[in-house]
Amino acid sequence: MTHNLWGDWDLPRRAPALSGLLAGRSPDLLGVQELSPGAVELIDAALPGHARVVDDAPGWREHANLWWDRELFAEVEHGLADIGMPTPDRGLSWVRLRHVEASDLAPLVLASAHLTFPGNAEEVRTERSPRTEQARSAARELNRLAGGDPVILCIDINDYARPLWAFYDDGFREPFGTLGRTCPITHPVTPRLDKPMRWEGVQVVEKALDWLFFNGALRPRTAEVVDYFLDGVAPSDHKPVTATFTQGAVA
């Protein structure tokens with residue numbers, strides 16, 4: 001599962017919905033964006049059988065982190081790679097995981113990234129997008145880290161077309177297209193009753209921003225954009241995206 005968590009905006013009100021989503025789905029692997037310290041504690045409580053990257057660098061509590069089921073995976077190493085993000089402590093967050101029982105399977109690299117929002121000051125000034133080069137940097141770094149082993153990237157791409165193509169150019173694919181489907185919208189969540197509309201002209205456009213890219217010996221079996229509300233409140237302004245994979249030789 002990948003999920004943009006919307007930072008700490010109105011988190012106390014959204015917390016029951018986010019907890020319910022995660023406890024009900026209990027994804028084996030989870031990558032998040034727009035993290036906050038409060039959300040870290042919430043996810044830990046909702047997924048008591050999971051571990052996450054523990055690191056003193058602030059980005060792991062304020063931007064992105066990765067969770068995995070401890071019965072299935074164990075951490076080998078983790079890191080934060082520079083992919084040209086203007087925000088301090090934000091980049092490509094990754095962890096290398098080994099399979100606990102299936103020792104014959106290659107390790108898996110799980111990563112999370114959140115490409116720059118189109119409304120950032122520099123892009124408004126120059127009218128030039130940094131996201132395609134950020135995507136190319138992320139793809140190159142993931143392929144370098146994996147060295148041919150499987151990779152899953154949880155990403156809010158904040159764009160359409162060019163950054164996606166950059167991942168395709170480096171061998172990455174996403175589950176919907178591989179399964180012969182189109183991805184449903186992931187943003188904005190509607191009806192959204194917990195925040196007034198802002199960024200008029202951006203929020204009102206329905207779009208698919210949230211993706212699970214993969215590379216290596218992985219075969220997608222299912223893919224879903226999840227609609228979930230609890231008492232009329234959504235967990236975030238982004239919908240989570242889930243997929244199931246089989247790891248092994250890909251014909």
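The values are calculated or read from the model by the stated rules, or taken from the named source; none is laboratory data. This one's a predicted model, so the numbers in the text were calculated from it and none came from an experiment. A quick note on method: Cβ atoms are made from the backbone with ideal geometry, for glycine too, and the neighbour counts reach across all protein chains shown. For accessibility, only protein heavy atoms count, side chains too; no ligands or nucleic acids. Shrake-Rupley method; radii C 1.70, N 1.55, O 1.52, S 1.80 Å.
Please work out the FRET efficiency for the pair residue 10 and residue 89, using the Cβ-Cβ distance as r and a Förster radius of 25 Å; give the result to the nearest 0.05. It would help to have the intermediate numbers written out before the result.
Details: r = 23 Å, r/R0 = 0.94.
According to the calculation, E is roughly 0.60.
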Spin-label pair residue 133/residue 246, simplified geometry with 7 Å Cα→Cβ offset, distance in nm: 4.2
Within a Gaussian network of the chain (alpha carbon springs, distance under 10 Å), most fluctuating of 131, 140, 90: 140
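Can you compute the charge dipole magnitude of the chain about its Cα centre, using +1 on each Lys and Arg Cβ and -1 on each Asp and Glu Cβ, nothing else charged? Give it in debye, rounded to the nearest 20. Write down the numbers at each step before the final one.
Numbers: 25 positive and 36 negative charges, 109 e Å.
With only Lys, Arg, Asp and Glu charged at Cβ, the dipole is about 520 debye.
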Gain upon complete extension [residue 179, residue 121; 0.36 nm per residue less C-alpha separation]: 17.1 nm
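Quick one: net charge around residue 147, please, counting Lys, Arg +1 and Asp, Glu -1 for every other residue with C-beta under 15 Å from its C-beta. Please list the in-between numbers first.
Values: positive: 96, 98, 140, 144; negative: 77, 141, 149, 170.
Counting the neighbours of residue 147, the net charge comes to 0.
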Residue 127 accessible area, 1.4 Å probe, all protein chains in place, Å² to nearest 10: 150
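Quick check: net charge around residue 82, other residues with Cβ under 14 Å of its Cβ, Lys/Arg +1 and Asp/Glu -1? Walk me through the numbers on the way to the answer.
Working: positive: 90, 136, 140, 144; negative: 89, 133, 141.
Residues near residue 82 contribute +1 overall.
So what is the relative contact order for segment 1-80, in percent, with contacts set as C-alpha pairs under 8 Å and at least six apart? Don't jump to the answer; show the numbers that get you there.
Details: 105 pairs, mean separation 26.8, N = 80.
This gives 33 percent for segment 1-80.
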Value of D in µm² per second that Stokes-Einstein yields for segment 88-142, Kirkwood Rh from Cα pairs, at 4 °C (1.567 mPa s): 96
Pair-distance profile P(r), taking every C-alpha pair of the chain, with 10 angstrom steps and integer %: 7, 33, 39, 18, 2, 0
Heavy-atom accessible surface of the chain: percent carbon and sulfur, 1.4 Å: 53
